[in-house]
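Below: the structure, in structure tokens.
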């Protein structure tokens, strides 16, 4: 069973406005081999990355945007998890949040809560989350620099 988040940057003018539109964006990604190199994919840990972002002290940008934030689009059939879209301005805000809240700062604030349920030594867990954070930051910086919107889907 898959448990992951996939995000893709799209031209701001092509941002889907409903669940069917989001599904069309990802129509070419039926399996791991079909995903674009520029997509952001986080398996199983994406909700923990979200918790890491939530530990940020007040600053610029929104801690909600990188993982779960944006306009929610429910599956009309109620079968698949909701999808989410971010307009270009929200993408810039997510990138700004990530740029102004370095990983080390977030980890210090969240390490006990994020790493607590793992059965690995803290340095190994930290390395996993540092890698996820870098990928999320790189993705949003590229999208923001290009003026793109972002489409996210969650696979359960």
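Observations on the structure shown:
- Residue 81-residue 13 pseudo-label distance in nm [points 7 Å out on the Cα-to-Cβ vector]: 3.3 nm
- Spacing of the modelled spin labels on residue 72 and residue 109, each 7 Å from Cα toward Cβ, amounts to 2.3 nm.
- Summed over qualifying helices (DSSP H, 4 residues or more, each -39500 (n - 2.57)) and divided by its residue number, the chain shows a 222 nm mean residue ellipticity of -13500 deg cm²/dmol.
- Using a cutoff of 8 angstrom between alpha carbon atoms and counting only pairs six or more residues apart, the relative contact order for the chain works out to 39 percent.
- Helix 88-100 axis, angle to the chain major axis (alpha carbon atoms, nearest 10°): 10 degrees
- One chain, two ends: residue 62 and residue 131. Fully extended at 0.36 nm per residue, the span grows by 22.8 nm beyond their Cα-Cα distance.
- Seen against the Cα atoms of the chain and their longest principal axis, helix 103-115 is set at about 90 degrees.
- Set of region 1-20 residues, backbone N closer than 20 Å to the point 7 Å along the Cα-Cβ line of residue 44: 1-7
- Note on residue 142 and residue 51: the model spin-label points, each 7 Å out from Cα along the C-beta direction, lie 2.8 nm apart.
Read the figures in this text as sums done on the coordinates, not as results from a lab. The structure presented is a predicted model; accordingly, all values stated were derived computationally and were not measured. For neighbour counting, all protein chains shown are included, and Cβ atoms are generated from backbone atoms with ideal geometry for every residue, glycine included.
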